[in-house]
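The structure appears below as structure tokens.
Please treat every number below as a calculation from the coordinates, not as lab data. Predicted model, so just to flag it, every value in this text is computed and none were measured. Virtual Cβ from ideal backbone geometry, glycine too; neighbours counted across all protein chains shown.
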Amino acid sequence: MWGRLVLLLSVLLAACSSEPQYQLQKFEGQAQGTTFHITYWSEKAIDNKAIEAQVQSILENIDKTLSNYRPDSTIEQFNASTSTESQEVGEDIVSLIRVAQTVYQLSHGCFDLTIKPLFDLWGFQGDTLTIPDQAAINQGLTQVGMDKLEVIDDTHLLKKQANVRVDVSAVAQGFSVGKISDALQELGIENYMVEIGGELKTHGHKPDGLAWRIAVEKPISGERTIHKIITMPKDEPMSVMTSGTYRHYFDVNGQRYSHILDARTGRPVSHNLVGVTVLHENPTIADAWSTTLLCLGQQEGMQLANNEKINAIFIRQQDSELLETQSDALRVAKDLTIQ
């Protein structure tokens with residue numbers, strides 16, 4: 001998936017001195033090419049089987065709407081169409097396009113859901129890197145640009161250029177986390193942790209009254225160790241989304257080609273920023289920003305994060321050393337503890 005790396009390893013369920021009155025409920029499965037884990041508890045009587053069925057139904061509906069691997073999905077039917085008239089795509093796709101267009105504008109085009117032609121051009125869809133020449137990149141760039149899409153209303157989208165294709169994978173997991181979280185709250189569950197492929201959201205606390213604690217992985221290839229532990233707020237929702245360059249890449253002739261593409265140039269990013277974690281109450285927005293800030297790099301990304309008051313952790317790699325900086329908003333956040 002473009003711009004999307006799983007860096008979050010686990011939820012740390014700290015032990016307590018007394019036996020909690022209510023027990024955590026957990027279930028897991030496969031979705032969107034990765035795994036999901038749902039953890040929750042409630043003071044009220046709940047039907048756990050019904051909750052599992054509801055989550056599965058949500059994931060299946062999202063797949064039918066957003067999957068770029070299903071020719072019958074709504075997004076792929078939109079992509080296959082050469083019409084430049086208004087097309088009905090539903091509320092979910094339109095809501096994602098609206099988020100993406102805002103971030104696209106603020107990032108001056110670095111974040112772009114129409115980048116798929118370039119992603120395919122470089123061979124990141126498969127296992128073999130294909131280094132295109134500048135002419136091929138220039139041709140690919142003619143198909144790219146969120147400004148080539150127009151939102152007509154809450155359910156309709158229009159292509160201004162017939163060959164534009166949309167790939168929402170950069171925000172799909174965050175969106176899915178949000179949909180499942182909303183469903184749990186509609187069922188009266190106020191204390192939960194929803195995780196898909198490392199992208200997650202929490203609300204409330206554990207049965208013993210302690211906060212959810214989240215482990216963030218070190219952005220080092222071939223190593224799975226904890227870099228930071230985030231203690232989540234107990235009185236409000238919070239999402240943690242991480243993007244990195246160190247999991248999906250190709251090394252060719254001594255040069256590393258990251259799967260993170262800058263839509264402005266059509267080329268993989270070449271800076272030393274290897275990971276960005278964003279914390280935001282809205283998981284879709286957090287997902288978009290983690291990819292965007294990573295694409296922009298340390299200097300440009302930090303400036304934008306500060307301007308937009310985004311809670312973000314930036315990790316650069318300098319030789320064998322990891323250098324961490326935090327955005328202004330995160331450094332003064334009173335409801336987040338990072339160790």
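Taking Ile97, Ile137, Ile152 as the candidate residues, the one with maximal mean-square fluctuation in a Gaussian network model of the chain, Cα springs under 10 Å, is Ile152. With a ≥ b ≥ c taken as the square roots of the eigenvalues of the C-alpha gyration tensor of region 261-339, please select rounded if a/c is under 1.5 and otherwise prolate if a/b is larger than b/c or oblate if it is not? Oblate. Maximal additional length on extending the Ala80-Ala50 stretch stands at 7.2 nm, based on 0.36 nm per residue less the C-alpha distance. Within region 176-228, the GluC sites (Glu not before Pro) that combine a DSSP coil assignment with at most 16 other C-beta atoms in a 10 angstrom radius are Glu190, Glu223. Remark: spin-label model distance Leu106-Glu236 equals 1.6 nm, labels positioned 7 Å along the Cα→Cβ axis. Rank Val103, Ile75, Thr65 by how far each Cα sits towards the positive end of the charge dipole of region 65-169 (+1 on Lys, Arg Cβ; -1 on Asp, Glu Cβ) and give me just the farthest. Value computed over the given set: Val103. Using the alpha-carbon positions of region 65-169, Rg (one decimal) and Dmax (whole number) come out as 13.7, 40 Å.
In terms of other Cβ atoms within 10 Å, Val151, Val276 run from fewest to most in the order Val151, Val276. Taking 0.36 nm per residue of separation and subtracting the Cα-Cα distance, full extension of the segment from Asp72 to Leu336 would add 90.8 nm.
Rounded to 0.05, the FRET efficiency of the Ala136 and Gln23 pair, given R0 = 56 Å and the Cβ-Cβ distance, is 0.50.
3J(HN,Hα) along region 52-59: 4, 5, 5, 5, 4, 5, 4, 5 Hz, from the Karplus curve 6.51 cos²θ - 1.76 cosθ + 1.60 with θ = phi - 60°, whole Hz, x for Gly and Pro.
What does the charge count around His108 come to, taking other residues whose C-beta lies under 12 Å from its C-beta (Lys +1, Arg +1, Asp -1, Glu -1)? Walk me through the intermediate numbers first.
Details: positive: Arg264; negative: Asp112, Asp147, Asp262, Glu300.
Net charge around His108: -3.
Hand me the GluC sites (Glu not before Pro) from region 78-149 located in a DSSP loop with no more than 14 other Cβ atoms within 10 Å, in residue order please. The qualifying sites are Glu85.
Take Thr114, Thr265 and order them by how many other Cβ atoms sit within 10 Å, fewest up front.
On the way: Thr114 23, Thr265 14.
By the 10 Å Cβ count, ascending: Thr265, Thr114.
Among Trp212, Trp122, sorting on how many other beta-carbon atoms sit within 10 Å of each Cβ, with the fewest leading, yields Trp122, Trp212.
Rank Val144, Phe36, Ala312 by how far each Cα sits towards the positive end of the charge dipole of the chain (+1 on Lys, Arg Cβ; -1 on Asp, Glu Cβ) and give me just the farthest. Farthest towards the positive pole: Ala312.
Extending 7 Å from the Cα toward the beta-carbon at both Ser270 and Asn163 defines two label points whose distance is 2.7 nm.
Close amide H pairs (under 5 Å, H built 1.01 Å from N) link His205 with Tyr192, residues at least 5 positions away or on another chain.
Below 12 angstrom from the Cβ of Thr284, what's the summed charge of the other residues (Lys, Arg +1; Asp, Glu -1)?
Values: positive: Arg98, Lys179, Lys201; negative: Asp92, Asp182, Glu199, Glu281, Asp287.
Combined, the nearby Lys, Arg, Asp and Glu give -2.
Dipole check for the chain: with +1 at the C-beta of Lys and Arg, -1 at the C-beta of Asp and Glu, and the Cα centre as origin, the magnitude is about 640 Debye.
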